Amino acid sequence: MAISFWASARVKSLYNRYSQIGASSRATGAQVAAAILQRAGIRDVEIVPQDGMLGDHYDPLHKRLVLSTENYQSSSLAAIGVAAHECGHALQHQQGYGPLYLRMAAVGATQFASQIITWLPMFFIFTHWISPYVGLTIMAAGWGIIMLFNLVTLPVEFDASARAKRVLAEMGFIGSDEEMTGVRKVLDAAGWTYVAAFITSLAYMLYYLLPLLTGGRSRD
């Protein structure tokens, strides 16, 4: 929880800081995204704005690159960094990047596991229809699926950030080392939120798994 809080607070702090600093190229997040996609020959991905802070994402199923309204319109270092990062996912999709396809395939199972770990404790409390051993097993399995999903997410996100840093420099959207430092700080901080999510899910899985491995069945 402490790592998750620190990672979330850090990315918000750095995002707020560098969203106030404009890039010398004066290109908006939408313009940067369009230029990167055009350069890569990707013409079937729609770039759309969406209200909400840090809700930026690439939707591989519907071929949509969604940017928060601020990042869509802004020419700040934070905005173009985030836009380039989401384009990194589009490039991964175009090039058949393995971990991205693995994460896409695991979405359904992960959503199901999330529902299980949310509702199973309440179901057990009110009904007692399952034994503690079975409940622990299901919870450990659910968190294990989420942990594996978060593990696969790490290379996907860090690779997208690496692509973003490289393409921004190559295309001249970043004009100085100081600007690149700002973009790097924002993207690296965002990466730590995924590390925190993995650590949290691993900790929860072990929390439910260890009683099973140390004699939970005998105590039932």
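If I go through the range 35-48 residue by residue, how many of them are touching a strand residue (DSSP E or B) at 6+ places or on another chain (Cβ under 6 Å) and surrounded by 15 or more Cβ atoms within 10 Å (Cβ to Cβ)?
Counting residues in the range 35-48 that are touching a strand residue (DSSP E or B) at 6+ places or on another chain (Cβ under 6 Å) and surrounded by 15 or more Cβ atoms within 10 Å (Cβ to Cβ) gives 2.
Among the listed residues 191, 135, identify the single one that is modelled with pLDDT under 90 and either of a type outside the set (Val, Ile, Thr) or in a loop (DSSP other than H, G, I, E, B) (or both).
Of the residues listed, the single one that is modelled with pLDDT under 90 and either of a type outside the set (Val, Ile, Thr) or in a loop (DSSP other than H, G, I, E, B) (or both) is 135.
Conditions tested, residue by residue: (1) surrounded by fewer than 18 Cβ atoms within 10 Å (Cβ to Cβ); (2) acidic (Asp, Glu); (3) in contact (Cβ under 8 Å) with a residue 12 or more places away in the chain.
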{"site": "122", "(1), (2), (3)": "yes, no, no"}
{"site": "130", "(1), (2), (3)": "yes, no, no"}
{"site": "141", "(1), (2), (3)": "yes, no, yes"}
{"site": "153", "(1), (2), (3)": "no, no, yes"}
{"site": "166", "(1), (2), (3)": "yes, no, no"}
{"site": "178", "(1), (2), (3)": "yes, yes, no"}
{"site": "182", "(1), (2), (3)": "no, no, yes"}
{"site": "187", "(1), (2), (3)": "no, no, yes"}
{"site": "193", "(1), (2), (3)": "no, no, yes"}
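Which one is farthest from residue 166 (Cα to Cα) among residues in the range 28-85 that are among the β-branched types (Val, Ile, Thr) and assigned to a strand (DSSP E or B)?
48
Quick check on the range 96-103. Is at least one of its residues within 23 Å of the chain's Cα centre (by Cα), of a type outside the set (Lys, Arg) and surrounded by 18 or more Cβ atoms within 10 Å (Cβ to Cβ)?
Taking every residue of the range 96-103 in turn, at least one turns out to be within 23 Å of the chain's Cα centre (by Cα), of a type outside the set (Lys, Arg) and surrounded by 18 or more Cβ atoms within 10 Å (Cβ to Cβ).
Does residue 146 satisfy the condition of being at pLDDT 95 or above and either assigned to a helix (DSSP H, G or I) or touching a Leu at 6+ places or on another chain (Cβ under 8 Å) (or both)?
yes
Within the set of pairs 6+ apart or on separate chains, which have a first residue in the range 7-32 that is within 20 Å of residue 176 (Cβ to Cβ), a second that is part of a loop (DSSP other than H, G, I, E, B) and not small (Gly, Ala, Ser), and C-beta atoms under 6 Å apart?
25/173; 27/173; 32/173
For every residue, the table says whether it meets (1) of a type in the set (Lys, Arg); (2) more than 23 Å from residue 209 (Cβ to Cβ).
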{"site": "126", "(1), (2)": "no, yes"}
{"site": "144", "(1), (2)": "no, no"}
{"site": "150", "(1), (2)": "no, no"}
{"site": "162", "(1), (2)": "no, yes"}
{"site": "166", "(1), (2)": "yes, yes"}
{"site": "171", "(1), (2)": "no, yes"}
{"site": "183", "(1), (2)": "no, yes"}
{"site": "187", "(1), (2)": "no, yes"}
{"site": "190", "(1), (2)": "no, yes"}
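The values are calculated or read from the model by the stated rules, or taken from the named source; none is laboratory data. Please read all numbers here as calculations on a predicted model, not as lab measurements. Methodologically, a virtual Cβ is constructed for each residue, glycine included, from the backbone with ideal geometry; neighbour enumeration extends over all protein chains shown.
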